[in-house]
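See structure below.
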Amino acid sequence: MLTGIASEFTSRINALEQAVDEHTRNWQAGRFSKETEPDRFNVFRTLLGTLVPHVHTYSALHFTLMPEGAFWGADSWINDDGSAHFAAMFQRGAFFNYWDSNEDGSNITQNDWDEERTFENAQWVVDLDNTSSTSAAWTKPYLFTDFGFATHSRTIFQNGIFIGVQGGDFGLEFVGDALRQAADTIPYRSYIFAFGLDQAGDILIGSSISYYIGDLYRRDSDGRSLALLTLPELAANQTFWEPIRVLQAHLLRTTQNGTLFEYLNQTRPTTLELTLSEGVYIVQMKEISSFNLRWGIVHFVLRDDILDALTRSNKKTIGTVAGVVSGGIVITIVFSFFLATALHRITRDLVLLSDFKFKDVLQKDLDKSSGVSRPSFSRIAELWQIQRAFHKMVVTFAGAVSQKRFLERGTGGSTMTPPIRAPASMVHGESAV
């Protein structure tokens, strides 16, 4: 199960990294320009063209121009009916604009979101080394406009000069969706969690028991979202997040700072048993990493459910084996009957043949009503062939013997060649010469 989840996450991560790398090289090769607003909109449409076929893999591609912090890009989300919605993100002076767009970027329509904001201090910018043309990194999971994201970014250089950052986003909703879909396929009581591993406190980025990503936010007294919740913050809830509380207690016993980051960084068992109010759970852990990104997946499965399923499976297996054995015994008995019958008939006929009682052998196969010979052979193919060949041999041999006796009667009762007598002279040792 964990391998499948990790494989899906890894494929998404790699796809976004490849898209960001491709467009970083477009900047470096001079295929993209930032000089005028039409130039920047052309870059936006190219990014949108990459995003549209990958809308179910990642959520946005964008670039941030430095030093002004102007933010441009293509964004998307999936509607409840499964259709995709796209948006253009662009900067005009100090104002950031977020307008609706169609799939080819030819119809950009203003909506209600325009705000005075620049992005020179955004996490995906400050995490990079702006003196290196190969600097690349993943952000820690973070909140932006009340949504959770993880961003991969690379520095953009043109003519040896740092001009900005190329980036791409995951909306963290996909993490929770993937975990819930995986949990729905398991016939046991289970919980699955995904964390952004962090030495300062592991950040929960998805859960199979939370249907709204906002449940994972730390909020102020007015309900405004402040940050994603960490493992210790979730563990403080004794009821809804009981699996996290038990996991946190185990981490505190086995590591110095009580983090999953440290636990998976050491040589420790990634399969263990933890006791919750429902019973003993088998817990498995798996880490995903790329560049500086480190995510951990933790899967709880109730042990009793697994044992019950194994017991039911064993009973079915025993029943199946018993049925197969019984069927085999019946088949063996039937086969033995046919085999014994066929061998008995062959033996019987051999005894009769040894006394030259051909008529008795052949008479046994006569149909009493019609007088026609109808040999009765075994239903087993191999024995049928033996009996048929044997019957043919008897008929042929009987016919040959009958013909021989007929010839004997026609020649005075003897068919033997008289002996050749030698000349008298040779008998007495005299030569005829």
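The values are calculated or read from the model by the stated rules, or taken from the named source; none is laboratory data. Quick caveat: nothing in here was measured; it's all calculated off a predicted structure. Backbone-built Cβ (ideal geometry, glycine too); neighbour counts: all protein chains shown. Quick note on the areas: whole protein, heavy atoms, side chains included, nothing else; ligands and nucleic acids left out. Shrake-Rupley method; radii C 1.70, N 1.55, O 1.52, S 1.80 Å.
Filtered by the rule that a residue be open to solvent by less than 50 Å² (accessible area, probe 1.4 Å) and either of a type outside the set (S, T, N, Q) or more than 20 Å from Ser153 (Cα to Cα) (or both), region 112-137 gives Phe119, Ala122, Trp124, Val125, Leu128, Ala136, Ala137.
For region 75-84, the criterion of being under 25 Å from Asp127 (Cα atoms), of a type outside the set (S, T, N, Q) and open to solvent by less than 10 Å² (accessible area, probe 1.4 Å) is met by no residue.
Any residue at all in region 41-64 that's among the polar types (S, T, N, Q) and over 26 Å from Thr118 (Cβ atoms)? Scanning region 41-64, I find at least one residue that is among the polar types (S, T, N, Q) and over 26 Å from Thr118 (Cβ atoms), so the answer is yes. Remark: pairs (first residue in region 165-187, among the polar types (S, T, N, Q); second residue part of a strand (DSSP E or B) and open to solvent by less than 10 Å² (accessible area, probe 1.4 Å); Cβ separation under 7 Å; 6+ apart in sequence or on different chains) = Gln166/Phe63; Gln166/Ser153; Gln166/Ile156. Checked against (1) out of contact with any strand residue (DSSP E or B) (no Cβ under 6 Å at 6 or more places or on another chain); (2) in a loop (DSSP other than H, G, I, E, B), Arg45 passes all but condition (2). Can you find a residue in region 19-32 that is free of Cβ contacts under 8 Å to residues at least 12 places away in the same chain and part of a helix (DSSP H, G or I)? Yes, region 19-32 has at least one match.
Within the group Ala249, Ala194, Ala227, which residue is without any contact (Cβ under 8 Å) to a residue 24 or more places away in the chain and of a type outside the set (Val, Ile, Thr)? Testing whether each residue is without any contact (Cβ under 8 Å) to a residue 24 or more places away in the chain and of a type outside the set (Val, Ile, Thr) leaves just Ala249. Across region 278-297, the number of residues qualifying as within 24 Å of Thr151 (Cβ to Cβ) and either out of contact with any helix residue (DSSP H, G or I) (no Cβ under 6 Å at 6 or more places or on another chain) or of a type in the set (Gly, Ala, Ser) (or both) comes to 8.
Of the residues that sit in region 158-176 and are in contact with a helix residue (DSSP H, G or I) (Cβ under 9 Å, 6 or more places away or on another chain) and open to solvent by 30 Å² or more (accessible area, probe 1.4 Å), which one is nearest to Ile203 (Cα to Cα)?
By that ranking, first place goes to Glu173.
If you go through region 182-241 and pick out every residue that is over 19 Å from Tyr263 (Cβ atoms) and hydrophobic (A, V, I, L, M, F, W, C), you end up with 11. So, Ile192, is that one closer than 26 Å to Leu307 by Cα, in a helix (DSSP H, G or I) and open to solvent by less than 10 Å² (accessible area, probe 1.4 Å) or not? No, not satisfied.
If the requirement is being touching a helix residue (DSSP H, G or I) at 6+ places or on another chain (Cβ under 7 Å), open to solvent by less than 70 Å² (accessible area, probe 1.4 Å) and of a type outside the set (Asp, Glu), which of these qualifies: Thr109, Thr57, Thr24, Thr10?
When all the criteria are applied, what remains is Thr57.
Set side by side, the residues Leu204, Leu128, Leu143 differ, and just one is closer than 27 Å to Ala94 by Cβ and part of a strand (DSSP E or B), which is Leu143.
For a quick check of your reading of the model, give me the residue pairs whose first member lies in region 80-103 and is over 20 Å from Thr36 (Cα atoms) and among the charged types (D, E, K, R), whose second is open to solvent by 50 Å² or more (accessible area, probe 1.4 Å) and part of a loop (DSSP other than H, G, I, E, B), with beta-carbon atoms closer than 9 Å and at least 6 apart or on different chains. The qualifying pairs are Asp100/Asn107.
What number of residues within region 107-129 satisfy the criterion of being of a type outside the set (A, V, I, L, M) and either touching a Cys at 6+ places or on another chain (Cβ under 7 Å) or without any contact (Cβ under 8 Å) to a residue 12 or more places away in the chain (or both)? Adding up the residues that qualify gives 3.
With respect to Ala183, is the statement that it is of a type in the set (Gly, Ala, Ser) and within 22 Å of Phe291 (Cβ to Cβ) true? Judged against the criteria, Ala183 is not a match.
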